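The values are calculated or read from the model by the stated rules, or taken from the named source; none is laboratory data. Since this is a predicted model, take the numbers as computed values, not measurements. Heads up, the Cβs are rebuilt from the backbone with ideal geometry, glycines too, and the neighbour counts pull from every protein chain shown. The protein model used for the area step is the full one, side chains on, heavy atoms only, and it has no ligands, DNA or RNA in it. Shrake-Rupley method; radii C 1.70, N 1.55, O 1.52, S 1.80 Å.
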Amino acid sequence: MPANINLSSRLLKQLSTELEVFLHTIGETAARQGQNIYLVGGAVRDLLLGLSPIDIDLVVEGNAIALAKSIPLSRMKITVHQAFGTANIKWNHISIDLATARSEIYSQPGVLPEVTPSNINRDLFRRDFSINAMAISLHRDSFGELIDPYRGMSDVKNRCIRVLHEKSFVDDATRIWRAIRYEQRLKFKIETGTLQLLKRDINMLDTISGDRIRHEIEIILKEKEPEKVFCRADELRVLAKLSPALTGVEWLKEKYSEARVMGLSDVSLVTVYLGLLVYSLNTNELAAIVAYLRLKRTMTQVLKNTIDLKGKICALNTPSLPNSEVYFVLDGYLELAVITNLIATDITAIEKHIENYLTKLRHVKLRLNGNDLKRMGVPQGPDINRLLHLLHAAKLNGKVITKQGETRLVYNWLREREAKKKQ
Ligand code: ATP
């Protein structure tokens, strides 16, 4: 291990002045209390990669909550989690998580570990990969010094993902998904030995609760290019652990790119991504994955709607279909389910009809309502809805445009009705 690499010049260059002030202040405060404090995890990795870190995690050899409360900065907002011995500090534009150094013992695969207060080296040993198991000292006497007991810096240089010990995936198989996510995001490679362990321990994913797997999937869906993670997971037979029917996802590469250019909000994009991921499933397979991951109700509704509509859109495979028929196939489906089907289909006629529906048809509204019809002499009962439907179809098909046009159509209908009665 290189003994005394100092990264303070990188810290100065890559961190905002605000963050730098904060790190110096907390380092000073900790030193005064006889505690050591470190920047850890992904932030150190990202600094070594020349990236600006997004999440700032600090570890203190001492008491994180007491330290957080004694930082001499004004306008800090501190949220404390007593049970975990952690604190979150919001100061100006920055958010920092502060934890007490700890070691972890896994009594059984997949369950959450037993935790005891510890020192930085043991805290780093509990981490997933060498690239995430480095720390930078913030103590005033050693500010910027890299602590790298597991060759993380060399793995960053060689661009590889490596676990710290051979039971890593057994202890916590969520690391299998994490390894694939980092590999694809950072354009690294899972190191050969780690890849063998990953393949050996794939079934350990069965020891993880659906909630924890969902959490990993949610993080993946927020990546810039989640399709890469899913394709690699498919290749490694990890994706099939979500649902045996979920294979052959290469097509997502094109479809996720299409989804990204649609100008959707972040939340909608994640929903559409998930809809595309499960698009090949049937209703029962979807129900199984929804139950396993315990997806929220709103998400579940969109996914069910998406798969239902998949079974119906073949009705749109006629280029000359009247607008009203397009409308009545798609009406009632959630917008994101319609959008997901639009992206999923490769049939031009269907695409055109769905686009027409989304941009125009669904906004076509009648000027007359049921009460207007009653006032005009249409008898109360099923005729009202039938006539409204007829009017709506005529309007969608451009047969009527104005309110007078709608009114004329109603009077025509009434006249024809009278004529039929007389016959
Ligand atoms: P990013 O946020 O860029 O994805 P990160 O490294 O900040 O990366 P987090 O999920 O916020 O990732 O986790 C913070 C740190 O906690 C990681 O760097 C890693 O050291 C550790 N960690 C997180 N999850 C695990 C896990 N399942 N097993 C071991 N260590 C973990």
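Matching residues to (1) closer than 22 Å to Ala133 by Cα; (2) within 15 Å of the ligand (Cβ to nearest atom); (3) of a type in the set (Ser, Thr, Tyr):
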| residue | (1), (2), (3) |
| --- | --- |
| Arg10 | yes, no, no |
| Thr17 | no, no, yes |
| Val21 | no, no, no |
| Tyr38 | yes, yes, yes |
| Arg45 | yes, yes, no |
| Gly50 | yes, yes, no |
| Lys69 | no, no, no |
| Arg75 | no, no, no |
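Would you mind stating whether Tyr333 is of a type in the set (Ser, Thr, Tyr), within 18 Å of the chain's Cα centre (by Cα) and at pLDDT 95 or above?
Here the answer is no, as Tyr333 does not meet what is asked.
Considering only the stretch 52-66, how many residues are away from the ligand (no atom under 11 Å from the Cβ), surrounded by 14 or more Cβ atoms within 10 Å (Cβ to Cβ) and not aliphatic (A, V, I, L, M)?
3
Which condition number does Thr116 fail, the rest of (1) open to solvent by 10 Å² or more (accessible area, probe 1.4 Å); (2) among the β-branched types (Val, Ile, Thr); (3) within 12 Å of the ligand (Cβ to nearest atom) being met?
In the conditions (1) open to solvent by 10 Å² or more (accessible area, probe 1.4 Å); (2) among the β-branched types (Val, Ile, Thr); (3) within 12 Å of the ligand (Cβ to nearest atom), Thr116 misses (3) alone.
Might you check whether a residue that is β-branched (Val, Ile, Thr), part of a strand (DSSP E or B), in contact with a Ser or Thr (Cβ under 9 Å, 6 or more places away or on another chain) and not assigned by TED's automatic domain parsing to the domain that holds Leu19 occurs anywhere in the stretch 162-171?
Yes, the stretch 162-171 contains at least one residue that is β-branched (Val, Ile, Thr), part of a strand (DSSP E or B), in contact with a Ser or Thr (Cβ under 9 Å, 6 or more places away or on another chain) and not assigned by TED's automatic domain parsing to the domain that holds Leu19.
Taking the criterion of being in contact with a Pro (Cβ under 7 Å, 6 or more places away or on another chain), assigned to a helix (DSSP H, G or I) and in contact (Cβ under 8 Å) with a residue 40 or more places away in the chain, would at least one residue in the stretch 107-130 satisfy it? Spell out the reasoning first.
First pass over the stretch 107-130, keeping only residues in contact with a Pro (Cβ under 7 Å, 6 or more places away or on another chain): 121, 124.
Restricting the remaining residues to those that are assigned to a helix (DSSP H, G or I) gives 121, 124.
Adding the requirement that they be in contact (Cβ under 8 Å) with a residue 40 or more places away in the chain leaves 124.
Within the stretch 107-130 (the criterion being in contact with a Pro (Cβ under 7 Å, 6 or more places away or on another chain), assigned to a helix (DSSP H, G or I) and in contact (Cβ under 8 Å) with a residue 40 or more places away in the chain), the answer is yes, since at least one residue qualifies.
So, in the stretch 256-271, how many residues would count as being under 16 Å from the mean Cα position of the chain (by Cα) and part of a helix (DSSP H, G or I)?
Going through the stretch 256-271 one residue at a time, the tally reaches 10.
Rundown of residues vs (1) closer than 19 Å to Ile65 by Cβ; (2) open to solvent by 40 Å² or more (accessible area, probe 1.4 Å); (3) among the hydrophobic types (A, V, I, L, M, F, W, C); (4) out of contact with any Asp or Glu (no Cβ under 6 Å at 6 or more places or on another chain), yes/no style:
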{"site": "Arg10", "(1), (2), (3), (4)": "no, yes, no, yes"}
{"site": "Lys13", "(1), (2), (3), (4)": "no, yes, no, yes"}
{"site": "Glu20", "(1), (2), (3), (4)": "no, yes, no, yes"}
{"site": "Thr25", "(1), (2), (3), (4)": "yes, no, no, yes"}
{"site": "Ile37", "(1), (2), (3), (4)": "yes, no, yes, yes"}
{"site": "Arg45", "(1), (2), (3), (4)": "no, no, no, yes"}
{"site": "Leu48", "(1), (2), (3), (4)": "no, no, yes, yes"}
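Keeping to the stretch 198-233, report how many residues are open to solvent by 30 Å² or more (accessible area, probe 1.4 Å) and either β-branched (Val, Ile, Thr) or outside any loop (DSSP other than H, G, I, E, B) (or both).
13
Just for the stretch 162-182: of the residues that are more than 12 Å from the ligand (Cβ to nearest atom) and surrounded by 22 or more Cβ atoms within 10 Å (Cβ to Cβ), which one is nearest to the chain's Cα centre (by Cα)?
Result: Ile180.
For the stretch 128-139, does any single residue satisfy the condition of being more than 13 Å from the ligand (Cβ to nearest atom) and open to solvent by 10 Å² or more (accessible area, probe 1.4 Å)?
Scanning the stretch 128-139, I find at least one residue that is more than 13 Å from the ligand (Cβ to nearest atom) and open to solvent by 10 Å² or more (accessible area, probe 1.4 Å), so the answer is yes.
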